[in-house]
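Quick one: structure below, then a few questions.
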Amino acid sequence: MATWSPNPLLLLTIIVTIAVISSPPSVALQPSGLPLFKRAPRFLGKYSHPIPTQLRQGYKYETKYFYQRLDHFSFLDLPKFRQRYLINTDYWVGPDRLGPIFLYCGNEGDIEWFAVNTGFLWEIAPRFGAMVVFPEHRYYGESMPLGSRDEAYRNASTLSYLTAEQALADFTVLITDLKRNLSAVDCPVVLFGGSYGGMLAAWMRIKYPHVAIGALAASAPILQFEDIVPPETFYDIVSNDFKRESISCFNTIKESWNAIVMEGLKENGLAQLTETFRMCRELNSTVALIDWLESAYSYLAMVDYPYPSAFMMPLPGHPIREVCRRIDNSPDWASIPERIFEGVSVYYNYTGKVGCFELDDDPHGLDGWNWQACTEMVMPMSSNKDSSMFRTYDYNYSAFREECWKKFKVDPRPRWITMQFGGHDIKTVLENFGSNIIFSNGLLDPWSGGSVLQNISESLVALITEEGAHHIDLRPSTPDDPHWLLEQRATEIKLIEGWISEYRQQKMKVISNI
């Protein structure tokens, strides 16, 4: 059930998220074989892929392009690039009636993928008479600077314009120009975003309050930086999601890491693991396999929806429950790795159509999120030996910094995000300088622990659902939506209606006084 009560801000330290799961190309190892650090999971990774035409048919939009500056914060004559955006004006009531503009802040992937997975925005647009705009994040999808993806990702120099600040400026310049061209300068803009996009929506409302009147920031871990929340929070939530379904399943997973490492040390052990886990290529170590498994568990916690979905992979409703059922119901003679394979197959091969599995989800090294994580999106992560089902990791910034230098020849700036957008003492900061932001979170989502979980003011609202997963409120509605989800969305609609109504009233007062 969604809650909305004016309690002081209190972050839940027993829980964590953007974006998503990291399978580092290499990791520094201790003698025991355990990594010295745990990089923040990527929000989406390889699953933010282009959408097949048949899946786009339920949503009607035009695909357009806008020429953006490569660097909004200098006056150098740098080449511009084409930013893709999707737009629908079918329901827009126009500028004369101050028709609102709903802008989704594009995430770290192809914008069409986010558009078809954000059904809530499409569904409420007719009710509001709203225009819908989905701008793509620079360096993702088709919005590639410097002429090509290969050139944009060439080195630190060409990647240096891939930042949250530049992306927010892109959105701001685009919507400002669009409003001017449509004679819609006075039309209110409402921001939407989930995960990293939710972070961008909240930050854009804070950074450019004159551009947008409010923001729905779903599953937005804006506090997952520095020491604002404990570094073990993310993996504790994932672990608790499994433990709540089955303690024996939790324990089997916890025991599996040593079992896999020990199997890998045997003669022909790696070949046996390759066969057990149906790998397309023979394993040369257990590190990549373990990363692959950890990624699956973390994603499963994010998409532990109460109904079947295909957000990242085709999955049944309550997928963690199904994973644990398969692990627990494996034959008595099955080894721990065999039990784990049965469980993880729910995530990687629920349809049964995959013949073998590839471990490398970014074989060409073109993953923009790794760049962002190594520069400004530095989210400390660790795993506690007592509360977590994952291997034990301590957060080791030095090892993380060394890895980033090895890959990109850059030093991270771990304090840059909080300096730009705030984070420490967020209650006081937003009370003094913020308004009209909804922070929605489901407590099954491991990213929820890095978000705002209690109300700050009447217009800075936290909507929490105990059974909710990763920005479930933004997903398309289904006949299987539980009552608490319907109630949450109804509350969000009511709050957005309030923002728009207040804006229009203020606008009419200004006009009447002229």
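Count the DSSP beta bridges whose two residues both fall in the chain, then state the antiparallel fraction as a percent rounded to the nearest 5.
Working: 14 of 40 bridges.
Here the antiparallel bridges make up roughly 35 percent for the chain.
State which entries of K243/K409; K80/K207; K60/K427; K266/K385 exceed 31 angstrom in Cα-Cα distance in the structure shown.
Working: K243/K409 40 Å; K80/K207 23 Å; K60/K427 40 Å; K266/K385 25 Å.
Too far apart for the 31 Å limit: K243/K409; K60/K427.
Convert each backbone phi in the stretch 237-248 into a coupling constant with the Karplus relation 6.51 cos²θ - 1.76 cosθ + 1.60 (shift: θ = phi - 60°), then list the ³J(HN,Hα) values in order as whole Hz, x for Gly and Pro.
Each residue's phi maps through the Karplus curve to give 5, 4, 4, 5, 4, 6, 4, 5, 8, 6, 5, 5 Hz.
Using a probe of 1.4 angstrom, how much of the accessible area of the stretch 420-514 is carbon and sulfur, in percent? Please report the intermediate quantities before stating the final value.
Values: 2150 of 4030 Å².
That share works out to 53 percent.
While we're looking at this one, here's another question. For the stretch 134-147, just list the computed ³J(HN,Hα) in residue order, Karplus coefficients 6.51, -1.76 and 1.60, θ = phi - 60°, integers in Hz, with x standing in for Gly and Pro.
The phi angles translate into 10, x, 8, 6, 3, 6, 10, x, 9, 8, 9, x, 6, x Hz.
What accessible surface, in Å², does a 1.4 Å probe find on S345, ignoring ligands, DNA and RNA and rounding to the nearest 10?
10 Å²
Per the 1.4 Å probe, what fraction of the accessible area of the stretch 227-292, in percent, lies on carbon and sulfur atoms? The partial results should precede the final answer.
Details: 1400 of 3080 Å².
Answer for the stretch 227-292 is 45 percent, counting heavy atoms of protein chains only.
Could you point to the label whose value was computed as Cα Rg over 2.2 N^0.38 Å for the structure here, given [x] 0.96; [y] 2.01; [z] 1.13?
Structure-derived value, by its label: [x].
So what J values fall out for the stretch 300-315 if you push phi through Karplus, 6.51 cos²θ - 1.76 cosθ + 1.60 with θ = phi - 60°, rounded to Hz, Gly and Pro as x?
Values, residue by residue: 4, 5, 5, 10, 7, 7, x, 9, x, 8, 9, 4, 10, 9, x, 9 Hz.
Sketch the reach of a paramagnetic label on K385 as a point 7 Å from Cα along Cα-to-Cβ, and name the residues of the stretch 225-266 whose backbone nitrogen lies under 14 Å away.
258, by backbone N distance to the label point.
How fast does the stretch 73-204 diffuse by Stokes-Einstein, in µm²/s, taking the Kirkwood radius from C-alpha pairs at 37 °C and 0.692 mPa s? Walk me through the intermediate numbers first.
On the way: Rh = 15.4 Å.
Estimated via Stokes-Einstein, D reaches 213 µm²/s.
Could you tally the net charge around S183, taking each other residue with its Cβ under 14 Å from the Cβ of S183, Lys/Arg +1 and Asp/Glu -1? Before the final figure, lay out the partial values.
On the way: positive: R97, K179, R180; negative: D96, D177, D186.
With Lys, Arg at +1 and Asp, Glu at -1, the net is 0.
Given an 8 Å cut-off on Cα distances and at least 6 residues of separation, report the relative contact order of the stretch 117-224 as a percent. It would help to have the intermediate numbers written out before the result.
Values: 100 pairs, mean separation 18.6, N = 108.
Result for the stretch 117-224 is 17 percent.
Which of the trypsin sites (Lys or Arg not before Pro) across the stretch 316-388 are loop residues per DSSP, with 15 or fewer other Cβ within 10 Å?
Answer by residue number: K353, K385.
Additional query: Mind checking the per residue accessible area of the stretch 327-455 for me, 1.4 Å probe, whole number of Å²? Let's see the in-between values first.
Numbers: 5560 Å² over 129 residues.
That works out to 43 Å² for each residue.
Relative contact order, percent, of the stretch 190-346 when contacts are C-alpha pairs under 8 Å separated by at least 6 residues?
On the way: 175 pairs, mean separation 28.0, N = 157.
This gives 18 percent for the stretch 190-346.
Can you give me the long-range amide H partners of M279? Hydrogens built in the peptide plane at 1.01 Å from N, cutoff under 5 Å, separation of 5 or more residues or another chain.
F357
Here is a further query. Any idea of the accessible area per residue across the stretch 101-183, 1.4 Å probe, to the nearest Å²?
Per-residue value: 27 Å².
Which loop-located chymotrypsin sites (Phe, Trp or Tyr not before Pro) does the stretch 237-295 contain, where loop means any DSSP state but H, G, I, E or B and the Cβ has at most 10 other Cβ atoms within 10 Å?
Values: sites: F242, F250, W257, F277, W292; in loops: F277.
For chymotrypsin sites (Phe, Trp or Tyr not before Pro) across the stretch 237-295 that sit outside H, G, I, E and B with at most 10 neighbouring Cβ atoms in 10 Å, the list is empty.
Carbon and sulfur: what percent of the stretch 66-120's accessible surface (1.4 Å probe)?
The value for the stretch 66-120 is 48 percent carbon and sulfur by accessible area.
With viscosity set to 0.692 mPa s and temperature to 37 °C, compute the Stokes-Einstein D of the stretch 367-514, Rh being the Kirkwood radius across alpha carbon pairs; µm²/s, no decimals. Display every interim value, and only then the final one.
Values: Rh = 18.9 Å.
Translational diffusion coefficient: 174 µm²/s.
Just to confirm my understanding: which cysteines in the chain have no other cysteine beta carbon less than 4.7 Å from their beta carbon?
C105, C187
The values are calculated or read from the model by the stated rules, or taken from the named source; none is laboratory data. Remember, predicted model here, so these are calculated numbers, not experimental data. All Cβ positions, glycine included, derive from the backbone under ideal geometry; neighbour counts span all protein chains shown. Note: areas computed on protein heavy atoms with side chains; ligands, DNA, RNA excluded. Shrake-Rupley method; radii C 1.70, N 1.55, O 1.52, S 1.80 Å.
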